[in-house]
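Scroll down for the structure; my scribbles are underneath it.
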Amino acid sequence: MALVTRTSRGIRIQQTGARGMREALLAGPASGSNRFTVRKIFLEPDGCTARASFDRAVVYFVHEGRISMSHGSGELDLLSPGDSVTVNPDELHHLHNIDKMKAVVIKVASQ
């Protein structure tokens with residue numbers, strides 16, 4: 001059976017190190033999706049996520065904008081619309097919008 005989730009507006013994230021960031025939950029346990037959590041991340045120009053690591057692999061897909069991703073021991077990847085990157089469990093990383101327009105990134109994590 002297919003599970004349809006209606007998206008909500010992004011909620012401004014208040015995390016140490018994050019700025020100009022909103023996030024919307026597209027699917028997750030609260031919506032009946034027990035295998036994956038899917039979020040839409042909105043980054044204002046020069047906005048960034050907090051440096052973080054997770055206990056499972058995470059996939060980021062750039063939908064709009066240009067993003068730099070810092071991860072591992074200082075590696076830096078430049079990502080454009082259509083690019084995706086998989087971050088390994090426990091790898092410290094963060095996203096930074098390097099464009100002059102809003103960026104939209106889809107984040108998928110297994111449960």
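Computed from the coordinates by the stated procedures, all read-outs in this text should not be read as laboratory data. What you see is a predicted model, and the numbers here were worked out from it, not measured in a lab. Reconstructed Cβ throughout: ideal geometry from the backbone, glycine too, with neighbour counts over all protein chains shown.
Modelled spin labels at Asn88 and Ala24, positioned 7 Å past Cα toward Cβ, are 3.4 nm from each other.
For the chain, a simple Cβ point-charge model (Lys and Arg +1, Asp and Glu -1, everything else neutral) yields a dipole of about 540 debye relative to the Cα centre. A crude spin-label estimate for the pair Asp46 and Ser80, with each label 7 Å from Cα along the Cβ direction, gives 2.5 nm. The aspartates and glutamates within cross-link reach of Lys107, meaning a Cα-to-Cα straight distance under 14 Å and a gap of 8 or more places when in the same chain, are Glu23, Glu64, Asp83.
Placing one identical point scatterer on every Cα of the chain and ignoring solvent, what is log10 I(q)/I(0) from the Debye formula at q = 0.14, 0.15, 0.23 Å⁻¹? Per q value, in the given order, log10 I(q)/I(0) is -0.54, -0.62, -1.40. Exposed loop sites are taken as trypsin sites (Lys or Arg not before Pro) in a DSSP loop (any state but H, G, I, E or B) with at most 11 other beta carbon atoms within 10 Å; the longest stretch of the chain without one runs 36-99. In order along region 35-42, the Karplus-derived 3J(HN,Hα) couplings, from 6.51 cos²θ - 1.76 cosθ + 1.60 at θ = phi - 60°, round to 9, 9, 10, 10, 10, 9, 9, 10 Hz, and Gly and Pro are given as x.
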